[in-house]
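Step one of this worksheet: look at the structure below.
The values are calculated or read from the model by the stated rules, or taken from the named source; none is laboratory data. Only a predicted model underlies this, so the values are computations on that prediction, with no experimental measurement involved. Heads up, the Cβs are rebuilt from the backbone with ideal geometry, glycines too, and the neighbour counts pull from every protein chain shown.
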């Protein structure tokens with residue numbers, strides 16, 4: 001089947017106008033999404049991609065009506081979201097099934113408030129069960145079937161209410177590789193036979209660039225803290241897509257570049273990333289091993305280290321923050337201090353790492369200065385969280401804190417008493 | 001095909017037999033609820049043939065109390081979880097109420113309920129059921145509340161996407177999510193309730209002795225007549241009742257409740273119950289289930305008229321609620337204030353505080369003593385999985401056995417050896433509660449990951465090192481849980497254990513428990529109120545200054561996750 005994104009671009013289905021989302025915590029607002037402008041047309045599969053913290057799931061929930069935007073408008077077929085007769089259905093990351101209802105009842109739940117007769121409900125449910133090839137499992141409970149089957153039930157439940165827009169929140173990330181692929185293929189088959197279905201558009205949140213390129217007609221790249229649309233890339237490759245073709249690879253490259261730009265060229269890198277020091281060293285070694293003419297790139301690393309691109313970006317961010325690598329477009333190079341670090345003895349490795357922490361990670365140098373100025377009066381957890389400020393959600397802030405502690409512990413810079421929840425200078429550095 | 005049908009008929013037959021038996025039992029149990037008050041000797045017979053009837057009556061009271069507790073727990077917890085303002089207040093109240101020893105305020109509730117139905121046993125019945133209810137409902141409320149505030153976000157998102165209204169979401173998502181915890185806590189409450197039912201069925205207030213037929217009355221007559229044989233009969237009867245409750249109520253309930261556990265892997269072995277299998281396979285029950293399903297869908301899909309669901313009716317309801325609360329607080333305050341200010345001197349208050357200190361000391365000493373015995377025993381058993389498996393039913397059973405039954409043995413011993421009651425009566429306070437320590441230590445020892453034990457074997461750790469570096473820290477959080485439960489039980493037990501009668505002999509140990517009991521018998525309401533207020537203050541202060549910090553420390557420092 002030949003199909004290309006542009007030729008079938010239809011009417012505007014959903015329009016996001018300057019959508020912003022803030023969360024209030026304590027007395028301050030944390031901005032998750034900022035000024036999102038996005039049009040979704042009939043006949044498109046759209047991918048939302050971005051690092052964790054980019055608000056992609058939040059955006060999806062605004063589109064599905066689960067949460068309200070703080071500012072801006074969501075327009076559904078020309079009408080404001082809350083006035084329109086929306087037909088948006090959702091597939092959840094972990095299927096979102098109700099464990100005490102059978103497969104049949106889980107799907108029928110979606111029709112609960114539609115005032116349909118029992119017979120119609122039954123025939124509709126059996127129809128979608130048939131569509132996702134789950135015949136025979138009507139009376140099974142979710143815990144009795146496999147993860148892939150549960151995700152199919154989630155899909156069937158989303159389809160049974162005849163939605164126009166199907167939003168999917170990382171629907172394949174909880175599945176193993178093989179299962180994910182079959183469910184993806186089934187989804188595409190349904191999509192191409194959608195004449196019989198009411199579906200007009202699918203929006204998928206994903207963290208896998210490969211998944212985005214293999215499924216979507218358009219990929220929206222979001223930056224993080226706050227999330228903004230930084231790239232809107234049309235994927236003009238005919239289905240079925242050959243993952244080995246040159247065009248496929250070129251598209252992936254351009255997406256990697258967009259992701260790198262979105263995540264790494266941003267100024268104001270300030271905090272440690274949630275990776276362990278040991279893994280950072282391994283990653284640095286891996287970069288050195290894979291360098292050709294002194295450089296390597298993100299895609300190669302992701303593929304060869306079997307990491308998803310989100311993890312690769314976190315490593316790269318961490319290493320470039322510490323100035324152990326330099327990044328130029330898609331190219332990654334070891335910096336001179338990175339090279340020295342790898343060749344150093346263990347004791348001097350710690351010293352170099354500590355120097356870089358204090359010099360290049362502003363958050364850590366702030367703490368360091370504070371502790372020194374106060375003659376090492378310990379900082380409590382709440383002091384530290386206050387220093388992180390309001391830019392992040394509570395969960396993100398405590399993640400930042402635990403990676404700060406973990407990095408500084410390796411470098412013998414700070415010590416942390418987890419019972420008292422207090423941070424102080426390590427004896428070695430005091 | 002034919003044999004299949006025969007089998008279904010067989011299921012039907014068994015279910016019908018059980019149902020009709022229970023129906024008859026229930027009818028006997030409810031019989032003579034309303035009758036004139038009479039005295040112990042006239043009404044109760046120690047003959048073994050009367051025992052089944054008493055057993056049934058006690059059992060029926062129990063059932064009614066469980067039913068009320070479940071409904072109340074769901075209502076209370078739902079309101080607390082749904083309205084933040086009311087919730088803060090309700091949870092604080094809960095903290096106070098669960099610190100009040102049930103047996104302490106019996107005199108008040110009995111007087112109150114009897115005033116509702118004077119000259120008949122109906123009031124006493126209500127007071128007994130109320131006492132069982134108050135002895136078991138608090139942790140059930142906590143469990144439902146905890147579940148309701150931790151319903152997975154996924155369930156809410158599903159409900160929103162498919163446009164379920166709040167009422168439907170409650171029945172389809174929130175309540176089912178709370179069921180496993182509620183069932184577990186109901187069973188837990190039951191074990192401690194046996195103690196109260198025996199204590200409550202014989203209640204003396206002032207010159208009145210209120211008797212309703214049941215196991216409690218039987219035991220108290222046996223004690224009065226010094227009839228060891230009758231006490232043994234009572235013991236056997238209660239064992240039978242506990243067994244029946246287990247087989248017919250809790251096992252099926254747990255097997256059924258398993259489906260509401262929020263998990264998607266079938267890792268935990270399914271609990272089985274023969275009765276549930278019979279019920280689920282019987283045609284009669286399938287038919288009843290169908291009717292039940294129709295009815296419940298009527299409730300779940302109930303559409304409220306807009307004047308009920310609109311914002312203003314909620315505001316109005318909340319205003320009415322706070323007015324009621326204000327009135328209630330004022331009423332309780334004025335009752336207690338009246339008692340305390342008009343009838344009691346400062347000397348009396350100081351005396352009672354002294355008593356409370358003595359009881360506190362006694363409880364602490366007992367906790368240390370029982371720990372010294374049961375922690376080593378618990379570790380010994382816990383490290384031997386087979387032994388633990390064999391002993392588990394026995395220990396569960398010992399926990400459930402009402403400690404009041406052992407009292408006669410102790411009293412005769414104390415009298416025979418002329419021991420000092422102030423010391424030796426204390427031990428009885430621990431009789432019932434010591435098992436919580438043993439039970440939790442065994443549980444904790446079994447929860448130690450086998451890798452840790454294997455590691456200590458591989459590294460050839462000395463027994464001493466292994467005990468102090470691995471086992472004791474690992475069981476510490478469990479031990480603290482057991483300690484807290486045991487302490488709570490001991491406070492309650494102090495009321496019956498510090499003052500004991502056997503025939504005409506009365507033994508008493510100075511303490512807050514005996515103070516409350518003496519005044520209950522004498523009908524001195526102001527003194528009971530004083531005793532209660534001081535005991536509750538002690539319990540709350542100890543909870544906040546000792547148990548909570550200890551629990552927090554144990555669970556953060558020695559948690560195995």
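Okay, residues lined up against (1) at pLDDT below 75; (2) part of a helix (DSSP H, G or I); (3) crowded, with 22+ Cβ neighbours inside 10 Å; (4) within 11 Å of chain A (Cβ to nearest Cβ):
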{"position": "B:170", "(1), (2), (3), (4)": "no, yes, no, no"}
{"position": "B:175", "(1), (2), (3), (4)": "no, yes, no, yes"}
{"position": "B:183", "(1), (2), (3), (4)": "no, yes, no, no"}
{"position": "B:188", "(1), (2), (3), (4)": "no, yes, no, no"}
{"position": "B:193", "(1), (2), (3), (4)": "no, yes, yes, no"}
{"position": "B:196", "(1), (2), (3), (4)": "no, yes, yes, no"}
{"position": "B:203", "(1), (2), (3), (4)": "yes, no, yes, no"}
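Restricting the search to region A:284-301, which residues are in a helix (DSSP H, G or I) and in contact (Cβ under 8 Å) with a residue 12 or more places away in the chain?
Residues of region A:284-301 in a helix (DSSP H, G or I): A:284-289, A:298-301.
Result: A:284, A:285, A:286, A:287, A:288, A:298, A:299, A:301.
For region B:516-530, enumerate the residues that are part of a helix (DSSP H, G or I) and more than 24 Å from the chain's Cα centre (by Cα). Write out each step before concluding.
Applying the first criterion (part of a helix (DSSP H, G or I)) to region B:516-530 yields B:516-522, B:525-530.
Within region B:516-530, B:518, B:519, B:521, B:522, B:525, B:526, B:527, B:530 qualify.
The rows are residues; the columns are (1) within 28 Å of residue B:176 (Cβ to Cβ); (2) at pLDDT 80 or above; (3) assigned to a helix (DSSP H, G or I).
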{"site": "B:25", "(1), (2), (3)": "no, no, yes"}
{"site": "B:36", "(1), (2), (3)": "no, no, no"}
{"site": "B:67", "(1), (2), (3)": "yes, yes, yes"}
{"site": "B:72", "(1), (2), (3)": "yes, yes, yes"}
{"site": "B:86", "(1), (2), (3)": "yes, yes, yes"}
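Among the residues of region A:53-66, which ones are more than 9 Å from every other protein chain (Cβ to nearest Cβ) and in a loop (DSSP other than H, G, I, E, B)? It would help to see each step written out before you state the result.
Of region A:53-66, the ones more than 9 Å from every other protein chain (Cβ to nearest Cβ) are A:53-60, A:62-63.
Of everything in region A:53-66, those that are more than 9 Å from every other protein chain (Cβ to nearest Cβ) and in a loop (DSSP other than H, G, I, E, B) turn out to be A:53, A:54, A:55.
Please specify each residue of region B:280-310 satisfying the condition of being over 30 Å from residue B:8 (Cα atoms) and under 35 Å from the mean Cα position of the chain (by Cα).
B:299, B:300, B:301, B:302
Could you list all residues from region A:395-426 that are on the phi > 0 side of the Ramachandran plot and within 14 Å of chain B (Cβ to nearest Cβ)? Explain how you work it out, then say what you get.
Within region A:395-426, the subset on the phi > 0 side of the Ramachandran plot is A:412, A:421.
Scanning region A:395-426 gives a single hit, A:421.
When you go through (1) away from chain A (no Cβ under 14 Å); (2) modelled with pLDDT of 80 or more; (3) buried (at least 22 other Cβ atoms within 10 Å of the Cβ); (4) over 22 Å from the mean Cα position of the chain (by Cα) one by one for residue B:225, which number turns out not to apply?
The single condition residue B:225 does not satisfy is (3).
Is it true that residue A:122 is over 29 Å from residue A:208 (Cα atoms) and more than 14 Å from chain B (Cβ to nearest Cβ)? Steps first, answer last, please.
Working: over 29 Å from residue A:208 (Cα atoms): yes; more than 14 Å from chain B (Cβ to nearest Cβ): yes.
For residue A:122, the condition - over 29 Å from residue A:208 (Cα atoms) and more than 14 Å from chain B (Cβ to nearest Cβ) - is met.
Inspect all residues belonging to region B:91-101 and state whether any of them is within 14 Å of another protein chain (Cβ to nearest Cβ) and in a loop (DSSP other than H, G, I, E, B). Steps first, answer last, please.
Let us first name the residues in region B:91-101 that are within 14 Å of another protein chain (Cβ to nearest Cβ), namely none.
No; the residues of region B:91-101 include none that is within 14 Å of another protein chain (Cβ to nearest Cβ) and in a loop (DSSP other than H, G, I, E, B).
Please verify whether region B:147-154 includes one or more residues that are within 30 Å of residue A:154 (Cβ to Cβ), at pLDDT 90 or above, part of a helix (DSSP H, G or I) and away from chain A (no Cβ under 14 Å).
Within region B:147-154, one or more residues are within 30 Å of residue A:154 (Cβ to Cβ), at pLDDT 90 or above, part of a helix (DSSP H, G or I) and away from chain A (no Cβ under 14 Å).
Go through (1) at pLDDT below 80; (2) under 26 Å from residue B:233 (Cα atoms) for residue B:422 and report which single condition fails.
For residue B:422, the exception is condition (2).
Given the conditions (1) free of Cβ contacts under 8 Å to residues at least 60 places away in the same chain; (2) not assigned by TED's automatic domain parsing to the domain that holds residue A:209, and given that residue A:313 satisfies all but one, which numbered condition is not satisfied?
Answer for residue A:313: the failing condition is (1).
Assigned to a helix (DSSP H, G or I), without any contact (Cβ under 8 Å) to a residue 40 or more places away in the chain and more than 14 Å from chain B (Cβ to nearest Cβ), is that true of residue A:385?
yes
Can you pull out every residue in region B:531-561 that is within 14 Å of another protein chain (Cβ to nearest Cβ) and assigned to a helix (DSSP H, G or I)?
Residues satisfying the conditions are B:549, B:550, B:552, B:553, B:554, B:555, B:556, B:557.
Among the residues of region A:302-327, what is the count of those that are touching a helix residue (DSSP H, G or I) at 6+ places or on another chain (Cβ under 9 Å), part of a loop (DSSP other than H, G, I, E, B) and farther than 27 Å from residue A:364 by Cα?
Count: 3.
If residue A:177 meets every condition in (1) under 26 Å from residue B:263 (Cβ atoms); (2) touching a helix residue (DSSP H, G or I) at 6+ places or on another chain (Cβ under 8 Å); (3) surrounded by fewer than 17 Cβ atoms within 10 Å (Cβ to Cβ) apart from one, which number is that one?
Tallying (1) under 26 Å from residue B:263 (Cβ atoms); (2) touching a helix residue (DSSP H, G or I) at 6+ places or on another chain (Cβ under 8 Å); (3) surrounded by fewer than 17 Cβ atoms within 10 Å (Cβ to Cβ), residue A:177 fails exactly one: (2).
Checking residue A:200 against (1) more than 27 Å from residue A:54 (Cα to Cα); (2) away from chain B (no Cβ under 14 Å); (3) over 22 Å from the mean Cα position of the chain (by Cα), which test does it fail?
Residue A:200 satisfies every listed condition except (1).
Just for region A:70-111: of the residues that are within 12 Å of chain B (Cβ to nearest Cβ), out of contact with any helix residue (DSSP H, G or I) (no Cβ under 7 Å at 6 or more places or on another chain) and part of a loop (DSSP other than H, G, I, E, B), which one is surrounded by the most Cβ atoms within 10 Å (Cβ to Cβ)?
It comes out as A:86.
Could you go through region B:122-144 and let me know if any residue there is within 30 Å of residue A:107 (Cβ to Cβ), within 14 Å of chain A (Cβ to nearest Cβ), out of contact with any strand residue (DSSP E or B) (no Cβ under 6 Å at 6 or more places or on another chain) and modelled with pLDDT of 85 or more. Before the answer, list the steps.
Taking region B:122-144 and keeping what is within 30 Å of residue A:107 (Cβ to Cβ), we get B:144.
Now restrict to residues that are within 14 Å of chain A (Cβ to nearest Cβ): none.
Taking every residue of region B:122-144 in turn, none turns out to be within 30 Å of residue A:107 (Cβ to Cβ), within 14 Å of chain A (Cβ to nearest Cβ), out of contact with any strand residue (DSSP E or B) (no Cβ under 6 Å at 6 or more places or on another chain) and modelled with pLDDT of 85 or more.
Note down all Cβ pairs under 6 Å where the first residue falls in region B:491-502 and is farther than 16 Å from residue B:219 by Cβ, the second is modelled with pLDDT of 80 or more and part of a strand (DSSP E or B), and they're at least six residues apart or on different chains.
Listed pairs, sorted by first residue: B:499/B:508.
Listed residues A:154, A:148, A:136; which is within 11 Å of chain B (Cβ to nearest Cβ) and either within 26 Å of the chain's Cα centre (by Cα) or in a loop (DSSP other than H, G, I, E, B) (or both)? Step through it out loud before you land on a result.
On the way: A:148 fails: within 11 Å of chain B (Cβ to nearest Cβ); A:136 fails: within 11 Å of chain B (Cβ to nearest Cβ).
That would be A:154, the only listed residue that is within 11 Å of chain B (Cβ to nearest Cβ) and either within 26 Å of the chain's Cα centre (by Cα) or in a loop (DSSP other than H, G, I, E, B) (or both).
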